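Visitor: Just passing along the structure, written as structure tokens.
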Amino acid sequence: DTGVSQDPRHKITKRGQNVTFRCDPISEHNRLYWYRQTLGQGPEFLTYFQNEAQLEKSRLLSDRFSAERPKGSFSTLEIQRTEQGDSAMYLCASRPPFRTETDTQYFGPGTRLTVL
Amino acid sequence: SQKIEQNSEALNIQEGKTATLTCNYTNYSPAYLQWYRQDPGRGPVFLLLIRENEKEKRKERLKVTFDTTLKQSLFHITASQPADSATYLCALQGAGGYQKVTFGTGTKLQVIP
């Protein structure tokens, strides 16, 4: 499978615990996005990487959230001291190096987080 | 603030008919408008992109219109099939290399055999 992969697909945790999700983008895609999606809503932008540089982070993202992309390939999203409001689907998307502004995003299957 | 509105109520149509979904936006001047399909428990899948200077774009049974004066896009699926049942998301994208994409809430389409 050469698409975007995410791990784990499902995560159940207790409030206050830390969780980490991984995203493996399509090979050679240097642009990577994280989104959060709750039931009945569209994906909400969290952060954007170009290669290993984190170029934008949503102002809605609290300090408990951190993301990395250390070698410009896979990325991790960590949530510290989880709260019930963090329960959502966390989506990763990748995009090829910029050629035209119409290059599309390719989404992974998502990680569904449930905080008890 | 930017707002993208899609009909939150599910759209039920008979197989073979044309489904029309609406996307309205405010406080935004997008360079591009995209439509995605999302099935339950899965990530969105890109369908079509239309530029601000294009009025209409077609792909097989899909047609998208973009009216920047009305700040509205219409998404049509002709000869609809039960397999077209899914949630359809409208997304706006600005110009430039970063190209942040902002999504609407989506409309759930149910095609009844």
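The values are calculated or read from the model by the stated rules, or taken from the named source; none is laboratory data. Since the structure is predicted, the reported quantities are computational estimates derived from the model, not experimental observations. Note that we place each Cβ from the backbone using ideal geometry, even for glycine, and neighbour counts take in every protein chain shown. Just the protein is used for accessible areas: all its heavy atoms, side chains included, with ligands, DNA and RNA removed. Shrake-Rupley method; radii C 1.70, N 1.55, O 1.52, S 1.80 Å.
Visitor: Does A:Phe74 satisfy the criteria of being more than 23 Å from B:Arg37 (Cβ to Cβ), among the aromatic types (Phe, Trp, Tyr), in contact (Cβ under 8 Å) with a residue 24 or more places away in the chain and open to solvent by 30 Å² or more (accessible area, probe 1.4 Å)?
Guide: Yes, satisfied.
Visitor: Based on what the data block shows, is B:Thr26 over 18 Å from A:Gly42 (Cβ atoms) and hydroxyl-bearing (Ser, Thr, Tyr)?
Guide: no
Visitor: Same structure again: Return the residues of region B:10-32 that are at pLDDT 95 or above, open to solvent by 60 Å² or more (accessible area, probe 1.4 Å) and part of a loop (DSSP other than H, G, I, E, B); say none if nothing qualifies.
Guide: B:Glu15, B:Lys17, B:Thr18
One line per residue, one yes/no per condition, for (1) farther than 22 Å from A:Leu60 by Cβ; (2) away from chain A (no Cβ under 14 Å):
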{"residue": "B:Ser1", "(1), (2)": "no, no"}
{"residue": "B:Ile4", "(1), (2)": "no, no"}
{"residue": "B:Lys17", "(1), (2)": "yes, yes"}
{"residue": "B:Arg37", "(1), (2)": "yes, no"}
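Visitor: Between A:Arg36, A:Arg15, A:Arg59, A:Arg95, which is in contact (Cβ under 8 Å) with a residue 24 or more places away in the chain and more than 14 Å from the chain's Cα centre (by Cα)?
Guide: A:Arg15
Visitor: Would you be able to tell me the number of residues in region A:82-96 that are assigned to a loop (DSSP other than H, G, I, E, B) and loosely packed, with under 13 Cβ neighbours inside 10 Å?
Guide: Residues that pass the stated criteria total 1.
Visitor: Still on this model: Out of the strands (runs of 3 or more DSSP E) lying entirely within region B:58-103, which hold 1 or more residues that are within 14 Å of chain A (Cβ to nearest Cβ), β-branched (Val, Ile, Thr) and open to solvent by less than 20 Å² (accessible area, probe 1.4 Å)?
Guide: B:62-67, B:101-103
Quick grid of which residues meet (1) polar (S, T, N, Q); (2) more than 10 Å from every other protein chain (Cβ to nearest Cβ); (3) touching a Phe, Trp or Tyr at 6+ places or on another chain (Cβ under 6 Å); (4) surrounded by 13 or more Cβ atoms within 10 Å (Cβ to Cβ):
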| site | (1), (2), (3), (4) |
| --- | --- |
| A:Thr13 | yes, yes, no, yes |
| A:Asn18 | yes, yes, no, no |
| A:Cys23 | no, yes, no, yes |
| A:Asn30 | yes, yes, no, yes |
| A:Trp34 | no, yes, no, yes |
| A:Gly42 | no, no, yes, yes |
